[in-house]
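Here the structure is laid out as structure tokens; the discussion comes afterwards.
The values are calculated or read from the model by the stated rules, or taken from the named source; none is laboratory data. Given the structure is predicted, the values throughout are model-derived calculations rather than measurements. Cβ coordinates were reconstructed from backbone atoms using ideal geometry, including for glycine residues, and neighbour counts include every protein chain displayed.
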């Protein structure tokens, strides 16, 4: 019963509408621009550039600026690596290994920069998605789009300074110097992310399912949490939320909406996801799923039925791999005191 309660519990709101509105505007405006320019091939770069806005959601303005510059800079580095990889036309197994490397590096740097959300879920998603895009646009166009979108999202993060009652003191945060123990812990965490991503990606690739990176992303979800129970709960919420989100996605994609309508759906889904991401992970995933799939469909339309099936299978595989890894580590840790 306690596990079931954890799966459905909704935490109280903590002014979530403010960062949710910033994130929704941060992705809607750039996508509207590329739509008006007739350059939907740049939509994926705009979408991932907007991820700079998810960092520092409740921090004071000066700290938020520094956090979003670090998070946005890291995302731009991932986008650059992805575009170069896409131009090199690597094979599916090479892509799994490269994405695993991104998982480790992204996790280590996110921890070093003290980014929240931590880990490398967004970096895995961005790298593998862009690297898999057929017919890459010119490198400078893709990077310029991503950089402009990241800059816009960072400016939105400072919009509260325009209203005195929302303005926070412009004080410098205390200097942080990582200790050797912290760096070692980050190295272990990065290795865990690499193992989860590569295992899930290898399994999905061997089974011949499309969009392998969705399994890799889902495999890292259960790695977040302070206890084995919290991590398993998060993995189960990923599965439940994804299947609920697939129903919403089907209602959006199957009627064949126009491109401007898809942009509106993306903005609404982004707002709803940010409203619940810290309060109820399964509910947030019900909106993250249409957000991810509609963004993919906007840039490169494919058969909706195949897209929905791939998402369901890949998420289930990845989440199960992540949960199995968490349980294996839990059993190993509990066995250590007995051996001692």
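Tabulated data
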read-out	value
Lone unmet requirement of (1) assigned to a helix (DSSP H, G or I); (2) more than 18 Å from residue 65 (Cα to Cα); (3) more than 18 Å from the chain's Cα centre (by Cα) for residue 192	(3)
Answer residue from the stretch 170-194, given it is touching a helix residue (DSSP H, G or I) at 6+ places or on another chain (Cβ under 8 Å) and farther than 30 Å from residue 98 by Cβ and is surrounded by the most Cβ atoms within 10 Å (Cβ to Cβ) among those	173
Residues of the stretch 247-264 classified as buried (at least 20 other Cβ atoms within 10 Å of the Cβ) and under 20 Å from the mean Cα position of the chain (by Cα), total	3
Residues being more than 14 Å from residue 146 (Cα to Cα) and either touching a strand residue (DSSP E or B) at 6+ places or on another chain (Cβ under 7 Å) or free of Cβ contacts under 8 Å to residues at least 24 places away in the same chain (or both) - total across the stretch 23-41	3
Of all residues making up the stretch 128-150, the number that are more than 19 Å from residue 33 (Cα to Cα) and assigned to a helix (DSSP H, G or I)	4
Qualifying positions in the stretch 79-107 - more than 20 Å from residue 200 (Cα to Cα) and crowded, with 19+ Cβ neighbours inside 10 Å	79, 81, 83, 85, 86
Selection from the stretch 300-322 of residues that are within 28 Å of residue 32 (Cα to Cα) and buried (at least 23 other Cβ atoms within 10 Å of the Cβ)	311
Verdict on residue 197 being modelled with pLDDT of 95 or more, within 28 Å of residue 38 (Cα to Cα) and in contact with a helix residue (DSSP H, G or I) (Cβ under 6 Å, 6 or more places away or on another chain)	no
When residues of the stretch 152-169 are limited to those that are assigned to a helix (DSSP H, G or I) and without any contact (Cβ under 8 Å) to a residue 12 or more places away in the chain, the one surrounded by the fewest Cβ atoms within 10 Å (Cβ to Cβ)	162
Near pairs, Cβ below 8 angstrom, 6+ apart or cross-chain, from the stretch 312-325 (touching a residue at least 40 places away in the same chain (Cβ under 8 Å)) to any residue that is not in a helix (DSSP H, G or I)	313/209; 314/209; 314/211; 314/212; 317/209
